[in-house]
1. Please go through the stretch 160-198 and give me each residue that is outside any helix (DSSP H, G or I), modelled with pLDDT of 95 or more, surrounded by 16 or more Cβ atoms within 10 Å (Cβ to Cβ) and within 19 Å of the chain's Cα centre (by Cα), ordered by number.
2. Tell me whether the stretch 12-23 contains one or more residues that are within 30 Å of residue 194 (Cα to Cα) and at pLDDT 80 or above.
3. For the condition assigned to a loop (DSSP other than H, G, I, E, B) and either surrounded by fewer than 15 Cβ atoms within 10 Å (Cβ to Cβ) or not assigned by TED's automatic domain parsing to the domain that holds residue 169 (or both), what is the one hit in 90, 85, 109?
4. Considering only residues of the stretch 140-159 that are assigned to a helix (DSSP H, G or I) and touching a residue at least 12 places away in the same chain (Cβ under 8 Å), which is farthest from residue 110 (Cα to Cα)?
5. Anything in the stretch 41-72 that is within 30 Å of residue 115 (Cβ to Cβ), surrounded by 10 or more Cβ atoms within 10 Å (Cβ to Cβ) and modelled with pLDDT under 95? List them, or say none.
6. Kindly indicate whether residue 124 is touching a residue at least 60 places away in the same chain (Cβ under 8 Å) and at negative phi.
7. What single numbered condition from (1) part of a loop (DSSP other than H, G, I, E, B); (2) over 22 Å from the mean Cα position of the chain (by Cα); (3) modelled with pLDDT of 95 or more fails to hold for residue 137?
């Protein structure tokens, strides 16, 4: 027995309404998922911006232990040639030899004029002045050997036990401080300074 025409149309109408409700519910679900995804994306962006901002603020307010030294005119001079005095001891810029000192650990002092050229090439020089201090030399050597553009050498006239120099920067102190040394190295190593100071 067939259903009357009115009943059929009512069933169709209900089925159509149910399908519309299901589509509307699915659309609401997609919108919720999209909203949750956007919120997650915005939260990730905000976290990255916060971290970058915090890092940048830390860099801007970071206290450094070194002193900035004015850059001197820095011409090439033949080894042993008299020249104007340096404005720091050990030097951080100024007249220097055309050749570089060999990178690495030295058991003898490196001439000041050679050190300066190494600094100009983005190097860092670690120097020490102490009598019979093998433990200190060992600690400094362990740090120096981690990097390519480092010179470690004794420095007889040094007024402190340890000196760190880079182009236009110097730090001198008496007690071994690995964090201080590494911070100095990371801030200065690898920066080419040709053209600065003549």
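The values are calculated or read from the model by the stated rules, or taken from the named source; none is laboratory data. Please read all numbers here as calculations on a predicted model, not as lab measurements. Cβ coordinates were reconstructed from backbone atoms using ideal geometry, including for glycine residues, and neighbour counts include every protein chain displayed.
1. 164, 165, 166, 167, 168, 169, 170, 171
2. Let us first name the residues in the stretch 12-23 that are within 30 Å of residue 194 (Cα to Cα), namely none.
No, the stretch 12-23 contains no residue that is within 30 Å of residue 194 (Cα to Cα) and at pLDDT 80 or above.
3. Values: 90 fails: either surrounded by fewer than 15 Cβ atoms within 10 Å (Cβ to Cβ) or not assigned by TED's automatic domain parsing to the domain that holds residue 169 (or both); 109 fails: either surrounded by fewer than 15 Cβ atoms within 10 Å (Cβ to Cβ) or not assigned by TED's automatic domain parsing to the domain that holds residue 169 (or both).
Step by step, each of 90, 85, 109 is checked, and only 85 is assigned to a loop (DSSP other than H, G, I, E, B) and either surrounded by fewer than 15 Cβ atoms within 10 Å (Cβ to Cβ) or not assigned by TED's automatic domain parsing to the domain that holds residue 169 (or both).
4. Here the answer is 143.
5. Going through the stretch 41-72, the residues within 30 Å of residue 115 (Cβ to Cβ) turn out to be 59, 62-72.
Pick out the ones that are also surrounded by 10 or more Cβ atoms within 10 Å (Cβ to Cβ) and you get 64-72.
Once the filter is applied, which keeps residues that are within 30 Å of residue 115 (Cβ to Cβ), surrounded by 10 or more Cβ atoms within 10 Å (Cβ to Cβ) and modelled with pLDDT under 95, the stretch 41-72 yields 64, 65.
6. On the way: touching a residue at least 60 places away in the same chain (Cβ under 8 Å): yes; at negative phi: yes.
Against the criterion (touching a residue at least 60 places away in the same chain (Cβ under 8 Å) and at negative phi), residue 124 qualifies.
7. (1)
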